[in-house]
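The values are calculated or read from the model by the stated rules, or taken from the named source; none is laboratory data. All of these numbers come straight from a predicted model, not from anything done at the bench. Here the Cβ is made from the backbone with ideal geometry for all residues, glycine too, and neighbour counts use every protein chain on show.
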Amino acid sequence: MLVLAVIVAASFGVISATAGNSSGTAVARPAHSHSSHSTPAADLRVTLDRLLGEHAALAMNATNLGYSGSKSFPAAAKSLDRNSVELSKAIGSIYGTKAANVFLNGKFQWRAHIGFFVDYTVALAKKDKAGQAKAVANLMRYTKEHGAFLATATGLPKLTVQNDLLGHVLELKNQLDAYAKGDYTKSTALYRAAYHHMFMTGDLLAAAIAKQKNLR
């Protein structure tokens, strides 16, 4: 069984995320990316929104395909990791290569949370309650550790960032849970919500960085 093909338009701009294709790719573009008034602050916001929106779509595509045992899963996982590398480069362009490496590869940082979602997906497919609980515990720690990293870098309140990451984690988990139960109406609604949330995250981070770096 292949994952639902989701097409979201209108207020988000355009996303076409078809998890059942062989490439496992998704293209996300926020509505405000079409503005003719390009500034460093606006460009940063658009970049973070695009990459984070793609992250959510690619992550849900990958976990749904993984749960289904699809042969497309490896390709989807590779697309997701390419997106992670792009995100780390965006961070590096602002804070340097050392910060980019910590963001991507640090313990309980960005790449780690994707691995924890894979762990959860495998455990869910196997009906392994202990494995699911361990993966969720690791994801909860990720929200604390990665939230602290981003808060320190951007100057945002730590709790604000941690709660934002928690929302992201729960949205992706709940979307997969609904998909696994065959509730595709709910899983599609959660897919859309999780994708939309990433634009709020991008706006939050971009505004803080623009203020910190005096971008206009």
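Only residues that are small (Gly, Ala, Ser) and within 19 Å of His197 (Cα to Cα) were counted in the stretch 38-88, giving 7. Would the stretch 176-193 turn up any residue that is surrounded by 15 or more Cβ atoms within 10 Å (Cβ to Cβ), without any contact (Cβ under 8 Å) to a residue 12 or more places away in the chain and among the basic types (Lys, Arg)? Yes, the conditions are met somewhere in the stretch 176-193. Put simply, of Val85, Val102 the only residue that is among the β-branched types (Val, Ile, Thr), surrounded by 15 or more Cβ atoms within 10 Å (Cβ to Cβ) and either touching a Lys or Arg at 6+ places or on another chain (Cβ under 9 Å) or modelled with pLDDT of 95 or more (or both) is Val102.
Being more than 14 Å from the chain's Cα centre (by Cα), farther than 30 Å from Asp128 by Cα and either surrounded by 14 or more Cβ atoms within 10 Å (Cβ to Cβ) or at pLDDT below 55 (or both) is a condition met by no residue of the stretch 48-69. Residue count for the stretch 70-119, restricted to those that are in a helix (DSSP H, G or I), more than 14 Å from the chain's Cα centre (by Cα) and aromatic (Phe, Trp, Tyr): 2. Scan the stretch 136-184 residue by residue and report those that are of a type in the set (A, V, I, L, M, F, W, C) and within 20 Å of Ala99 (Cα to Cα). If the condition is that a residue be of a type in the set (A, V, I, L, M, F, W, C) and within 20 Å of Ala99 (Cα to Cα), then Ala148, Phe149, Leu150, Ala151, Ala153, Leu156, Val161, Leu165 are the ones that fit. Gly155 satisfies every condition listed in (1) surrounded by fewer than 19 Cβ atoms within 10 Å (Cβ to Cβ); (2) under 24 Å from Ser70 (Cα atoms); (3) touching a residue at least 40 places away in the same chain (Cβ under 8 Å) except (2). When we screen Leu51, Leu44, Leu80 for residues that are farther than 19 Å from Ser187 by Cβ, in contact with a Leu (Cβ under 6 Å, 6 or more places away or on another chain) and not acidic (Asp, Glu), the only hit is Leu51.
Within the stretch 61-100, the set of residues being touching a Gly at 6+ places or on another chain (Cβ under 8 Å) and closer than 24 Å to Arg141 by Cβ comprises Ala62, Ala77, Leu80, Ala99, Ala100. Within the stretch 164-178, does at least one residue satisfy the condition of being part of a helix (DSSP H, G or I), under 25 Å from Lys213 (Cα atoms) and under 16 Å from the mean Cα position of the chain (by Cα)? Yes, the stretch 164-178 contains at least one residue that is part of a helix (DSSP H, G or I), under 25 Å from Lys213 (Cα atoms) and under 16 Å from the mean Cα position of the chain (by Cα). What residue, among those in the stretch 70-80 that are more than 14 Å from Gly53 (Cα to Cα) and not aromatic (Phe, Trp, Tyr), is surrounded by the fewest Cβ atoms within 10 Å (Cβ to Cβ)? Filtering the stretch 70-80 for residues that are more than 14 Å from Gly53 (Cα to Cα) and not aromatic (Phe, Trp, Tyr), the one surrounded by the fewest Cβ atoms within 10 Å (Cβ to Cβ) comes out as Lys71.
Whether any residue in the stretch 119-142 is in contact with a His (Cβ under 9 Å, 6 or more places away or on another chain) and closer than 20 Å to Lys213 by Cα is what I want to check. The answer is no, given that none of the residues of the stretch 119-142 is in contact with a His (Cβ under 9 Å, 6 or more places away or on another chain) and closer than 20 Å to Lys213 by Cα.
Taking the criterion of being over 17 Å from Asp81 (Cβ atoms) and free of Cβ contacts under 8 Å to residues at least 24 places away in the same chain, the residues of the stretch 96-131 that qualify are Gly96, Thr97, Lys98, Ala123, Lys126, Lys127, Asp128, Lys129, Ala130, Gly131. Filtered by the rule that a residue be of a type in the set (S, T, N, Q) and closer than 19 Å to Asp164 by Cβ, the stretch 125-142 gives a lone residue, Asn138.
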